[in-house]
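One structure below.
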Amino acid sequence: MSIISVIGGIGKQVLRGWPVSRAGLGLPRQFDWGTELPVQARDINYGGHLGHDAAVSLLHEARRRWLARAGYDEADAGGAGLIMLELEVHYTAEAFWADRLRVDMAVTGLGAVRCEFRYRVSRAGQQVLIARTRMGFFDYKARRLARRPSDFLQRLLGLAEEGNDV
């Protein structure tokens, strides 16, 4: 169960004193790609565990690694950049300094001008958080949404698992 939900949903309830979303954050049946990231000293907050700002940065790093592996960058993913439209994070366990976190990702919700990345972050098989980012394809010169590059999905899904060389 979630302790904290960053973006609330329908049907709120209180769990351990915190308002949480009961709408759920659906995960895909399988994940398309994954990487491992360490929790560093700078990622720890006053509570002694992974801070929200650091968790969001870990999601960003994992997404950038996947895009780079496909030959993309967030500023140019095959003719269009990516811009964050929405973020949702549900925490299920704490993470601590020196933990090695596994970030599994899938691309879903593919549309003409947007897509969603789904994330499952775990430590030694225990889920730490799940998240979703809704990204828009964006023309940074014209400052407007752009059409999805035709080979975007094929290039992301055509990748093997990342090695430990990054």
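The values are calculated or read from the model by the stated rules, or taken from the named source; none is laboratory data. Computed from a predicted model, the values in this text were never measured in an experiment. No Cβ is skipped: glycine too gets one built from the backbone with ideal geometry, and neighbour counts run over all protein chains shown. Accessible surface areas use protein heavy atoms only, side chains included; no ligands, DNA or RNA. Shrake-Rupley method; radii C 1.70, N 1.55, O 1.52, S 1.80 Å.
For segment 29-166, the relative contact order comes to 29 percent (Cα pairs under 8 Å, sequence separation of at least 6). Each label was represented as a point 7 Å from its Cα along the Cα-to-Cβ direction; for R155 and A112 these points are 2.2 nm apart.
Accessible surface area normalised per residue over segment 38-102 is 49 Å², counting heavy atoms of protein chains with a 1.4 Å rolling probe.
Please work out whether segment 32-160 counts as rounded, prolate or oblate from its C-alpha gyration tensor, where a ≥ b ≥ c are the square roots of the eigenvalues and a/c under 1.5 means rounded, while otherwise a/b larger than b/c means prolate and anything else oblate? Taking the square roots of the gyration eigenvalues as a ≥ b ≥ c, segment 32-160 is prolate.
For R114, the residues whose modelled amide H falls within less than 5 Å of its own, excluding neighbours fewer than 5 places apart on the same chain, are F137.
Amide H to amide H distances under 5 Å link W33 with M105, where only residues 5 or more positions off or on other chains count and H is placed in the peptide plane.
Residues in segment 138-146 carry Karplus couplings, in order, of 9, 9, 6, 6, 7, 6, 8, 4, 10 Hz; the curve used is 6.51 cos²θ - 1.76 cosθ + 1.60 with θ = phi - 60°, and Gly or Pro positions show x. If the segment from A124 to W97 were pulled out straight at 0.36 nm per residue, it would be longer than the present Cα-Cα gap by 8.3 nm. Couplings for segment 80-93, taken from phi via the Karplus curve 6.51 cos²θ - 1.76 cosθ + 1.60 with θ = phi - 60°, read 9, x, 10, 9, 6, 9, 7, 9, 9, 10, 10, 8, 10, 7 Hz in order; Gly and Pro are left as x. For segment 26-91 and segment 95-166, what is the separation of their C-alpha centers, rounded to whole Å? Cα centroid of segment 26-91 versus Cα centroid of segment 95-166: 7 Å apart. Can you pull the percent of segment 51-158's accessible area that's carbon plus sulfur, 1.4 Å probe, other chains left in place? Here carbon and sulfur together make up 49 percent of the probe-accessible area.
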